[in-house]
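Notes follow the structure.
Every number here is computed from the coordinates shown, using simple stated rules; none is lab data. The structure presented is a predicted model; accordingly, all values stated were derived computationally and were not measured. Cβ placement follows ideal geometry from the backbone for every residue including glycine, while neighbour counts extend to all protein chains displayed.
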Amino acid sequence: MKEFYLVFCGLIISFSALCQSNDTLIYNPERKLTWADFKGKPKLSDKTKGAQITVTINLKVKKISFWNGRPTYDAFALAFTDASWVKPAYKDAYTLAHEQLHFDIAHIYAETLEIEINRLKKSVGQKDQVENILREHTLAMREYQVLYDQETRGGNDIAKQKEWARKIENDLKIFN
């Protein structure tokens, strides 16, 4: 009976972890962002930005092998809708496409994270390895996001924006 209770509790926790809260959006290659996903208040003090999406990458255990106890992980990109915002003057398709590419970049890093973590051989000390790899990928993703904004000047350099759109589209084809 005790084992049944533990398994039942584990299932409830697993299902609740899969539920998407109202302020998060899990990346879905079939669904593009809309302005309704930007529920936060614009930062009036930030004169250089017209919109901002807040993204991260997340990780969860997909399954644990019955035979060797090794976990298999699922990594995914998340957008925080309550922390994502747009100023009214910037609510156009071009700006939305720029923000979509930020979300796409997060997805690319999540996919590479999942591949790397699921290739780990050892299960002893794996939790620390996984945490370190997650931290490294999150940091690298943030740096890449900054590079994207620097090179496109926040989307204001149309030629560079088109270059980045092609590059990210090609990277997405690898995973989708």
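So if each residue of separation counts as 0.36 nm, and I subtract the Cα-Cα distance between Ser65 and Lys43, what length gain in nm does that give? Working shown, then result.
On the way: separation 22, 0.36 × 22 = 7.92 nm, distance 4.65 nm.
Contour length minus the Cα-Cα distance gives 3.3 nm.
Amide H of Thr24: which non-local residues (sequence gap of 5 or more, or other chain) have their own amide H closer than 5 Å, using H built in the peptide plane?
Thr81
Along the charge dipole of the stretch 68-122, which of Thr81, Tyr94, Gly69 sits closest to the positive end, that is, farthest toward it, with unit charges on the beta carbon of Lys, Arg, Asp and Glu (+1, +1, -1, -1)?
After comparing all options, I get Gly69.
How far is helix 93-118 tilted, in degrees, relative to the longest principal axis of the Cα atoms in the chain, given as a value from 0 to 90 rounded to the nearest 10?
30
Report the relative contact order of the chain, percent, no decimals, based on alpha-carbon pairs under 8 angstrom and at least 6 residues apart.
21
Does anyone have the angle between helix 2-18 and the longest principal axis of the chain? Alpha-carbon axes, 0 to 90°, nearest 10?
Tilt of helix 2-18: around 10 degrees.
Would you kindly give the portion of the calculated P(r) for the stretch 23-175 that falls above 27 Å, as a percent of all Cα pairs?
Of the Cα pairs, 28 percent sit more than 27 Å apart.
HN-Hα J couplings of the stretch 24-30 from phi, Karplus 6.51/-1.76/1.60, θ = phi - 60°, integer Hz, Gly and Pro as x?
So the J values, rounded to whole Hz, are 10, 10, 7, 4, 9, x, 7.
Nearest 10 degrees is fine. How inclined is helix 126-152 to the longest principal axis of the chain, computing both from alpha carbons?
10
If R0 is 25 Å, what FRET efficiency do you get for Arg166 and Lys87 from their C-beta distance, rounded to 0.05?
0.35
Sorting Asp37, Asp82 on the 10 Å Cβ count, fewest up front, what's the list?
Asp82, Asp37
Classify the stretch 85-176 from the C-alpha gyration tensor, please: rounded if a/c falls under 1.5, else prolate or oblate depending on whether a/b exceeds b/c. Provide the component values of the computation, followed by the final result.
Details: a/c = 2.91, a/b = 2.30, b/c = 1.26.
Since a/c reaches 1.5 and a/b is larger than b/c, the shape of the stretch 85-176 is classed as prolate.
Subtract the Cα-Cα distance of Glu131 and Glu30 from 0.36 nm times their separation in residues, and report this length gain in nm to one decimal. List each step's numbers first, then the result.
Working: separation 101, 0.36 × 101 = 36.36 nm, distance 2.91 nm.
Between Glu131 and Glu30, full extension yields 33.5 nm more.
Which of the chymotrypsin sites (Phe, Trp or Tyr not before Pro) found in the stretch 58-148 are in a DSSP loop and have at most 15 neighbouring Cβ atoms, other than their own, within 10 Å?
Hits after loop and neighbour filter: Phe66, Trp67.
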